[in-house]
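For reference, the structure is listed below as structure tokens.
The values are calculated or read from the model by the stated rules, or taken from the named source; none is laboratory data. Given the structure is predicted, the values throughout are model-derived calculations rather than measurements. Heads up, the Cβs are rebuilt from the backbone with ideal geometry, glycines too, and the neighbour counts pull from every protein chain shown.
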Amino acid sequence: MPSVVEVLVEAFDKAGTPFIVGIPGEETLEMIEAARVRGMRFILMKQETAGAMMAATWGELTGSPGVCVSTRAPGAANMVLGVTHAWMDRCPLVAITDQFGAAAYSSALRQRLDQMALYTPITKWHSSIVAESVHNQARRAIRTAVSGIPGPVQLDLPADQRSRDADVPAMDSPWLPNVVPVTPDRDALKVPLRLLASARRPILLVGPGVLWDRASAQMVMLAERLGAPVMTTPKTKGAIPEDHPLSAGCIFGGLMERSLVSQAELIVAIGLDTVELQPLPWPYSIPVLSITGELDADSPIPAATELVGHLQGTLGGLAQWAVEGSSWGERVVKAYRAQMDAAVDKRCTGLSPQRVFEVARGILPRDTIATCDVGASRLFSVPKWPVYAPRDYLVSNGIASMGFALPAAMAARMASATRPVVAFTGDGSFMMAIAELHTCVKENLPVIILVQDNASLGVMSLKQDLKGVPRCGTLLGGIDWELLARTFGADGVIVDNENALGDALSAALKSNRTTVIAARMDPSGYIEQYKAMLLAQRATH
């Protein structure tokens, strides 16, 4: 009869996640052994937050929940930020925390922590594993993590349960839900079809719901049928290939964007998630048709008509039956892109942030997966790193946490072993996850880490400059990136011009090794660039 930990390991493996990440505690050791016997990989992280972010990114990429573990109390507390990322960035994740057995918990003070209470606000469900119901608990955890709006669940693993014989279910059942999308008939879509037919200039604002329902292709078909421009949220970047003539870029809520959207007669909001929208009042008086897979009670969007249903079938039906539109979308997209380029392309005397992304995009293959930290990295990557497929650009946008890019890149390499992976990060963000460079090398995950080194917390330093106050508490610098990379067993190079950057990227591609490329940035143009982009994007922080 299998033990509790053997049941858990089997469940995760059969649900499509062949590895566990984290830092073990005493209660976890037997789970690690069960995974080893089953042929599953255990990846020892150096920091629990990074482990949860890596596992969450695996879930985001594959649809199978990532699995992370921590020891009780300090490890569980330290893993909170990573689980919060999974919560606010909608990633399927199972977080397992060691716990005392019942007798020890009732008398302990040292390391006794109510971990389920700690995780209640940031998980979809939590439970303490019990041998008599572990099959059902594992099944519910996996299905809860991946169903509806994806997110994390948390399981306490008590010491007095881990080795017990597990319950025997009456029959086997699938660990993952097998959802069959149903396309509504034409009559069921008559209201949205009528709205679409009455609007000569519709625009699509698209969020991650199209990714959850695997409906990107159907969304593009609808846009092409209507001739409508498409703007996506940052997490949805690539749902429409960004060299498509109807792709207008990302939603930020800025003034330039408002000028484009305000030309429309109908806003079609598809799969938008409030967590990605700016915390500002809805700025448009244009009629809104909302199409979602899950009703968002928190949404500030004043949609007069809300269509709720699996997006793959719904959008497919609308694309089939909608009245063919005009070509207004291609015309306004072309003008908008030119306006955005003019806002971003400000001259610098040295290596500029926008050129870092343009040079990288010219060297790295079309199918490269990019992960991106917040700050200046994300600010310039959105307009200057075009993406051509769903989930080929990964960013922490709901919680917008630093230190995301490296563990996310490791997960991307695990999920797509034959594709190049680049992590765009700043010097401050990279230092928050630097220990995982050792993990990346040890696990033979050849990612390219492109560090934009401006010797400071770039955006915060910039804001001090704009406020006219001295820079204080935001300065970094003095890091020998080549030596640091070699210390961890990675390749490392420092560049300060475009040619050297291109050569370093080409060499990293050929080497198939973990490589740190530190680009010494020229910040002299930041204020002018930021002011121009502020008009375009209304500031991203």
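Could you count how many residues in region 44-54 are more than 17 Å from ILE369 (Cβ to Cβ) and surrounded by 20 or more Cβ atoms within 10 Å (Cβ to Cβ)?
Keep residues of region 44-54 that are more than 17 Å from ILE369 (Cβ to Cβ), which gives 44-52.
Those still in the list that are surrounded by 20 or more Cβ atoms within 10 Å (Cβ to Cβ) too: 45, 47-52.
Of the residues in region 44-54, 7 are more than 17 Å from ILE369 (Cβ to Cβ) and surrounded by 20 or more Cβ atoms within 10 Å (Cβ to Cβ).
Which residue, of LEU483, LEU505, LEU501, LEU466, is closer than 16 Å to VAL447 by Cβ and not in a loop (DSSP other than H, G, I, E, B)? Break it down stepwise before answering.
Working: LEU483 fails: closer than 16 Å to VAL447 by Cβ; LEU501 fails: closer than 16 Å to VAL447 by Cβ; LEU466 fails: closer than 16 Å to VAL447 by Cβ.
None of the others qualify; the one that does is LEU505.
Scan region 284-314 for residues that are part of a loop (DSSP other than H, G, I, E, B) and hydroxyl-bearing (Ser, Thr, Tyr) and report the count. I'd like the intermediate steps shown before the answer.
Applying the first criterion (part of a loop (DSSP other than H, G, I, E, B)) to region 284-314 yields 284-287, 293-304, 309-310.
The next check asks that each one be hydroxyl-bearing (Ser, Thr, Tyr); those that pass are 284-285, 299.
The total comes to 3.
Got at least one residue in region 102-115 being within 30 Å of ASP273 (Cα to Cα), surrounded by 13 or more Cβ atoms within 10 Å (Cβ to Cβ) and at pLDDT 95 or above?
Yes.
Would you point out the residue of region 69-103, among those that are closer than 14 Å to THR120 by Cα and of a type in the set (S, T, N, Q), that is farthest from the chain's Cα centre (by Cα)?
Residue satisfying both the conditions and the ranking: THR97.
Here are the criteria: (1) modelled with pLDDT of 95 or more; (2) not hydroxyl-bearing (Ser, Thr, Tyr); (3) not assigned by TED's automatic domain parsing to the domain that holds ALA297. Tell me which single one ILE240 does not satisfy.
Condition not satisfied by ILE240: (3).
Mind checking which residues of region 155-186 are at pLDDT 90 or above and either assigned to a strand (DSSP E or B) or of a type in the set (Phe, Trp, Tyr) (or both)?
Within region 155-186, LEU155, ASP156, LEU157, PRO158 meet the criteria.
Here is a yes/no grid of residues against (1) in contact with a Gly (Cβ under 8 Å, 6 or more places away or on another chain); (2) of a type in the set (Lys, Arg); (3) in the same structural domain as GLY362 (by TED's automatic domain parsing); (4) modelled with pLDDT of 80 or more:
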{"site": "ALA433", "(1), (2), (3), (4)": "yes, no, yes, yes"}
{"site": "VAL451", "(1), (2), (3), (4)": "yes, no, yes, yes"}
{"site": "CYS472", "(1), (2), (3), (4)": "no, no, yes, no"}
{"site": "ILE494", "(1), (2), (3), (4)": "no, no, yes, yes"}
{"site": "ALA518", "(1), (2), (3), (4)": "yes, no, yes, yes"}
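Search region 255-283 for residues being part of a loop (DSSP other than H, G, I, E, B) and within 22 Å of the chain's Cα centre (by Cα), and hand back the single one that is farthest from GLY207 (Cα to Cα).
Just the residues of region 255-283 that are part of a loop (DSSP other than H, G, I, E, B), to begin with: 262-265, 271-273, 277-283.
Adding the requirement that they be within 22 Å of the chain's Cα centre (by Cα) leaves 271-273, 277-279.
Details: GLY271: 5, LEU272: 4, ASP273: 6, LEU277: 10, GLN278: 13, PRO279: 16 Å.
So, considering only residues that are part of a loop (DSSP other than H, G, I, E, B) and within 22 Å of the chain's Cα centre (by Cα), the one farthest from GLY207 (Cα to Cα) is PRO279.
Per-residue answers, yes or no, for (1) modelled with pLDDT of 95 or more; (2) buried (at least 23 other Cβ atoms within 10 Å of the Cβ); (3) under 25 Å from VAL387 (Cα atoms):
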| site | (1), (2), (3) |
| --- | --- |
| PRO245 | yes, no, yes |
| GLY253 | no, no, yes |
| LEU266 | yes, no, no |
| GLN278 | no, no, yes |
| SER285 | no, no, no |
| PRO302 | no, no, no |
| GLY317 | yes, no, no |
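Tally up the residues in region 86-120 that are in contact (Cβ under 8 Å) with a residue 12 or more places away in the chain and under 27 Å from ILE399 (Cα atoms), please.
Residues of region 86-120 in contact (Cβ under 8 Å) with a residue 12 or more places away in the chain: 86-105, 111-113, 115-116, 118-119.
Narrowing further to those that are under 27 Å from ILE399 (Cα atoms): 86-98, 113, 115-116, 118-119.
Qualifying residue count, region 86-120: 18.
For residues that are among the β-branched types (Val, Ile, Thr) and farther than 17 Å from THR439 by Cα, scanning just region 461-491, find the one that is surrounded by the fewest Cβ atoms within 10 Å (Cβ to Cβ). Reasoning before the result, please.
Our first condition is that a residue be among the β-branched types (Val, Ile, Thr); within region 461-491, this holds for 469, 474, 479, 487.
Among the residues that remain, those that are also farther than 17 Å from THR439 by Cα are: 469, 474, 479.
On the way: VAL469: 9, THR474: 16, ILE479: 17.
My answer is VAL469.
In region 370-396, what residues are in a loop (DSSP other than H, G, I, E, B) and modelled with pLDDT of 90 or more? Give the derivation first.
We begin by selecting, within region 370-396, every residue in a loop (DSSP other than H, G, I, E, B); these are 373-375, 385-392, 396.
Result: ASP373, VAL374, TRP385, PRO386, VAL387, TYR388, ALA389, PRO390, ARG391, ASP392, SER396.
The conditions are (1) at pLDDT 90 or above; (2) surrounded by fewer than 21 Cβ atoms within 10 Å (Cβ to Cβ); (3) acidic (Asp, Glu), and ASP341 fails exactly one of them. Which is it?
Just one mismatch for ASP341, condition (1).
Please specify each residue of region 12-30 satisfying the condition of being hydrophobic (A, V, I, L, M, F, W, C), modelled with pLDDT of 95 or more and not in a loop (DSSP other than H, G, I, E, B). Give the steps one after another, and end with the answer.
Looking only at region 12-30, we keep the residues that are hydrophobic (A, V, I, L, M, F, W, C), and these are 12, 15, 19-21, 23, 29.
Filter once more, keeping what is modelled with pLDDT of 95 or more: 12, 15, 19-21, 23.
Answer for region 12-30, where residues must be hydrophobic (A, V, I, L, M, F, W, C), modelled with pLDDT of 95 or more and not in a loop (DSSP other than H, G, I, E, B): PHE12, PHE19, ILE20, VAL21.
Go through (1) over 23 Å from VAL374 (Cβ atoms); (2) surrounded by 17 or more Cβ atoms within 10 Å (Cβ to Cβ); (3) under 22 Å from the mean Cα position of the chain (by Cα) and name the single condition LEU295 misses.
Failed condition: (2).
Exactly one of these conditions fails for ILE203: (1) under 30 Å from TYR336 (Cα atoms); (2) in contact with a His (Cβ under 9 Å, 6 or more places away or on another chain); (3) outside any helix (DSSP H, G or I); (4) β-branched (Val, Ile, Thr). Give me its number.
The one condition ILE203 does not meet is (2).
Can you pull out the residues in region 239-279 that are polar (S, T, N, Q) and under 19 Å from TYR336 (Cα atoms)? Working first, answer last.
The initial filter retains those residues of region 239-279 that are polar (S, T, N, Q), namely 247, 259, 262-263, 274, 278.
Listed by number, the residues that qualify are SER247, SER259, SER262, GLN263.
Failed condition for VAL220, given (1) part of a helix (DSSP H, G or I); (2) touching a residue at least 40 places away in the same chain (Cβ under 8 Å), with all others met?
For VAL220, the failing item is (2).
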